[in-house]
Amino acid sequence: PERGDGDGYTGQQKQARTTRMRKDFHHHTIPQPGRAGAVLSWIKVLLMESPVKCLPDVNIIEGLWIIERIGGCLTVLRGRDTVFRGCFDGTSSLKGKCMRIERVELRIVRLPLARPFQTSSSRKSHLDHILVRVDCGDVVGWGECASPSDPYYCPETTETCWHILHDFLVPSVLGATWSTLDELAGRYALVKGNAFARAGLEMACWDALARSMNKPLHELLGATRGEIRSGVSLGIERDVETLLEQIERHQALGYHRIKLKIAPGWDVDVVRRVRERYPELPLQVDANSAYTLDDLPTMRALDDLGLILIEQPLAHDDIVDHARLQAELKTPICLDESIHSAADARKALDLGSCRVINIKVSRLGGLLESRRVHDLCLKREIPVWCGGMHEFGIGRAANVALAGLPGFSIPGDVSGSDRYYDEDLVEPPILAHQGAIRMLTGPGLGVEPVMERVERRTLRRAMLGE
C-alpha cells in the first residue's frame, strides 16, 4: 500500500486498531504512520482473530515491502530480507515454523522378497516402490509410495503413481509454503483418486514437519502406545504342510495372530486343517475380493472355524453385497479395498457392511485420512487394525507410528522387515521382538535411509524443483 490510511478505515477506527496492535504486538516495534504502518495494519487484518503472543520480534521500517500470504503462512520482506514470517489458522495461536518445499526427488527402488508371496490374484518375488524425498531447506523428509506393480489389488500401479507424482502432485506443491498437512493436502485436492501416489508425498511431508519440530511422528499423530502388537500375513503356498511350517515358525517368534490368504480352491479345507492343528490360534483370512454372493456356502463353512474376521470376501468396490453377506454370518467381515476415505467407512458402517475396518495408509491416501477413519471407528466402537503393502522401511515406520493410536485393538500386518526382506533400506531396522514392535523414538519417521543401499536398488530417478 502507498498510503497508511488507504484501507478504508476512519482515523478513529485506525487509532483503535493501532491500540489493539500495540496490545497484541506488545514486544514489536510499532512504526509511525505511513507505508510501513499500513503494512503492519494489513498484517493485523490477516491475523485479526489470532493470538500472536508467540510471534518473534519484528521491526517494521520504511522501505520496499513484499508481502506473501499462502494459506496459513505469511511472509513480509523488505527488499531481499525477511522481516516477518509466521503461520496461523485464523482462529488459534501461532502454529510454528513455516515449511517451504524447494525440491522433490522421486526414485523407483526394487527390493527382492525373502520368499515369494502369493495372493488370490498375483504372485511376487520382488517389489518396486517409489521413494519420495522432499527438501524443505534446512530439513528433508522421506515418504514411500507402496503401490503394486500390477492393477490386481487396486487400479494404481507403480507407473501410474510415477506419472501422477511427477506430472501433477509434485508440481502442485513445489515452492509451496505451509504449516499443517491439511493445508498442504489442499494444494492437490483437485487430484481425484490416486491414493497411493498421494500417500507417498504426504508421508514425506509428515516426516519433514516432525523433523523440523524435533519430534517423532507418532507424537504428532497422537499415538498412545509405547509398542504395537504385531501379526503376520501368510500367502498361498504350494501345499498345506508348507503353510503349517510357516505358521509354526512365526508362532515361535511370538507373533500375536496369523492371517491367511485364501482363494477358491484354497480356502475351507486349508483353514480347517490349520484350525485342527492350532485350535487356540488367533486366525483370520483375507480373500482380496475373490468371491461373490454365490459362494455363500463357502462363507458359511468359514464362519464355523472360529475366525477373528473374514477380510474383503466380495468385490473390491462393493459395500452393498457385503451388507447382505454380513447379515448371514456371525464372524465379522472386515473391509479393505472398499474403503478409500472416512466417508466410505461411515457409509459401510451405516449399511452394516462390516464390523471391522482395515486401515492402510496407502489405500486411504495418507496418514491424514487414515487418522480420520481411526477417529470415526473409535467413536463408533468399531475395531480397526493396521494393514500393510509389504512396505520398505520408510513406509513401515509410518505404519508403526499410526498403529500406536488408541483405536488399533487388533494386531495388524506390521511385522518386522526381516520377515520380507533380507536387507531393508533404513537404519535402524524395524524388528519385532516376541511379536511386538517398539515405537521409533527418533525425529520424524525415526529411521534414516542408507543411501548406498538406496542407490544400489534404484531403477529410475527424477529431481523436480529449484
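Output wanted: per-residue J couplings in Hz (rounded whole) for region 400-410, from phi through Karplus 6.51 cos²θ - 1.76 cosθ + 1.60, θ = phi - 60°, x for Gly and Pro.
Values per residue, Gly and Pro as x: 4, 4, 5, 5, x, 5, x, x, 7, 9, 10 Hz.
Per-residue counts of other Cβ atoms within 10 Å, averaged by peptide: what ranking do you get for 235-246, 108-119, 155-166, highest first? All intermediate terms of the calculation are to be shown ahead of the outcome.
Working: 235-246: 14.7, 108-119: 16.8, 155-166: 19.2.
Going by the mean number of other Cβ atoms within 10 Å, highest first, we get 155-166, 108-119, 235-246.
Work out, step by step, the length gained on full extension between residue 214 and residue 464: first 0.36 nm times the residue separation, then minus their alpha carbon distance; give nm to one decimal.
Numbers: separation 250, 0.36 × 250 = 90.00 nm, distance 2.61 nm.
Value of the extension gain: 87.4 nm.
Among the aspartates and glutamates, which fall within straight-line cross-link reach of residue 330, defined as a Cα-Cα distance under 15 Å, with same-chain neighbours fewer than 8 residues apart omitted?
Within the straight-line limit of under 15 Å, residue 330 reaches these aspartates and glutamates: 303, 304, 311.
How would you rank 432-441, 132-141, 352-361, highest first, on the average number of other Cβ atoms within 10 Å across their residues?
Sorting 432-441, 132-141, 352-361 by mean packing, highest first, produces 352-361, 132-141, 432-441.
Using the basic label-point model (7 angstrom from Cα toward the beta carbon), what is the residue 324 to residue 114 distance in nanometres?
4.3 nm
Once amide H atoms are built 1.01 Å from N in the peptide plane, which residues 5 or more positions from residue 113, or in another chain, come under 5 Å H to H?
Residues meeting the amide H criterion: 126, 127.
With θ set to phi - 60° and the Karplus curve 6.51 cos²θ - 1.76 cosθ + 1.60, what are the ³J(HN,Hα) couplings of region 234-243 in order, to the nearest whole Hz, using x for Gly and Pro?
10, x, 6, 9, 6, 7, 5, 4, 5, 4
Please compute the modelled spin-label separation between residue 351 and residue 227, points set 7 Å along Cα→Cβ, answer in nm with one decimal.
Between residue 227 and residue 351, the label points sit 4.0 nm apart.
Could you tell me the calculated FRET efficiency between residue 245 and residue 275, based on Cβ-Cβ distance and R0 = 22 angstrom, to the nearest 0.05?
Working: r = 16 Å, r/R0 = 0.75.
After rounding, the FRET efficiency stands at 0.85.
Measure up 261/360; 124/379; 192/259; 124/215; 124/192 against 26 Å on the Cα-Cα distance and list the ones that go over. Mind showing how you got there, number by number?
Details: 261/360 17 Å; 124/379 38 Å; 192/259 32 Å; 124/215 36 Å; 124/192 28 Å.
Going by Cα-Cα distance, 124/379; 192/259; 124/215; 124/192 fall outside the 26 Å limit.
Here, each number is a calculation from the coordinates, and none is a lab measurement. This one's a predicted model, so the numbers in the text were calculated from it and none came from an experiment. Here the Cβ is made from the backbone with ideal geometry for all residues, glycine too, and neighbour counts use every protein chain on show.
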